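Asker: Have a look at this one before I ask anything.
The values are calculated or read from the model by the stated rules, or taken from the named source; none is laboratory data. Nothing here was measured: the structure is a model prediction, and the numbers come from that model. When we count neighbours, we look across all protein chains shown, and the Cβ atoms used for this are built from the backbone with ideal geometry, even at glycine. Just the protein is used for accessible areas: all its heavy atoms, side chains included, with ligands, DNA and RNA removed. Shrake-Rupley method; radii C 1.70, N 1.55, O 1.52, S 1.80 Å.
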Amino acid sequence: MSTSWQDDLERAYTELERSQQAISQVQADLVGRRATVKSKNRMVSVVVDAQGAVVDLTFHSRAYRAMPAAELSALLVETIGQAREQAMAELASMFSAVLPSAVPVADMLSGTADIEKMMSDMMRQVPTDLVKPPAERG
C-alpha cells in the first residue's frame with residue numbers, strides 16, 4: 001500500500017528528473033549559441049559565445065585605422081563588454097526558466113550570489129513532512 005509520504009517522495013523524484021532533463025536541454029541549446037553587438041558608432045561588431053568568449057570581430061569600415069589607439073581600445077572594450085552582458089543575460093534567462101525561482105541565476109553567473117542564503121531559502125521551500133522520519137509524520 002502506498003503512503004502519502006511515498007507519493008510525495010515519488011512526485012519529488014519525478015520533478016527532479018524533469019528538472020534534470022530541462023537543464024540538459026538548456027545545456028544542449030547553448031552549443032553554438034552566439035550574441036552579437038554592434039558598437040554605438042556602428043564601426044565594429046563583436047560576436048561572443050554562450051560563455052562570453054569572443055569568437056568574431058568585424059570592422060565595418062576602414063575608419064578604425066584613423067582612430068587614436070586609446071579610442072579604438074575603449075570602443076573594443078565597451079563593445080565586447082556589451083556582447084558579454086547580452087550573452088550572460090540570455091544564459092540567465094534560459095536557466096531561470098528551468099530552475100526554481102529561489103535560485104538567483106544571474107547572481108550565480110556573475111559570482112555575486114550568497115550561496116548560504118540561497119541554500120537556506122531553498123530548504124525553507126521543502127515541505128517539512130518530507131524531512132521528518134516516517135514514524136513522526138501524521
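Asker: Residue pairs, Cβ under 8 Å, 6 or more apart or interchain, first in region 21-44 and touching a residue at least 24 places away in the same chain (Cβ under 8 Å), second open to solvent by 90 Å² or more (accessible area, probe 1.4 Å) and assigned to a helix (DSSP H, G or I). List them.
Answerer: Filtered contacts from region 21-44: Ala35/Arg84.
Asker: Ok, one more. Does region 27-39 hold any residues that are under 30 Å from Ser73 (Cα atoms) and surrounded by 11 or more Cβ atoms within 10 Å (Cβ to Cβ), and which are they?
Answerer: Leu30, Arg33, Arg34, Ala35, Thr36, Val37, Lys38, Ser39
Asker: Within region 1-26, track down each residue that is within 20 Å of the chain's Cα centre (by Cα) and either small (Gly, Ala, Ser) or surrounded by 13 or more Cβ atoms within 10 Å (Cβ to Cβ) (or both). Before you say what the answer is, go through the steps one by one.
Answerer: We begin by selecting, within region 1-26, every residue within 20 Å of the chain's Cα centre (by Cα); these are 16-26.
Across region 1-26, the qualifying residues are Ser19, Ala22, Ile23, Ser24, Val26.
Asker: Which of the residues spanning region 47-87 are within 14 Å of Arg33 (Cα to Cα) and open to solvent by less than 50 Å² (accessible area, probe 1.4 Å)?
Answerer: Within region 47-87, Val47, Val48, Asp49, Ala50, Gly52, Ala53, Ala83, Ala87 meet the criteria.
Asker: Can you pull out the residues in region 70-110 that are without any contact (Cβ under 8 Å) to a residue 40 or more places away in the chain and of a type in the set (Asp, Glu)?
Answerer: Of everything in region 70-110, those that are without any contact (Cβ under 8 Å) to a residue 40 or more places away in the chain and of a type in the set (Asp, Glu) turn out to be Glu71, Glu78, Glu85, Asp107.
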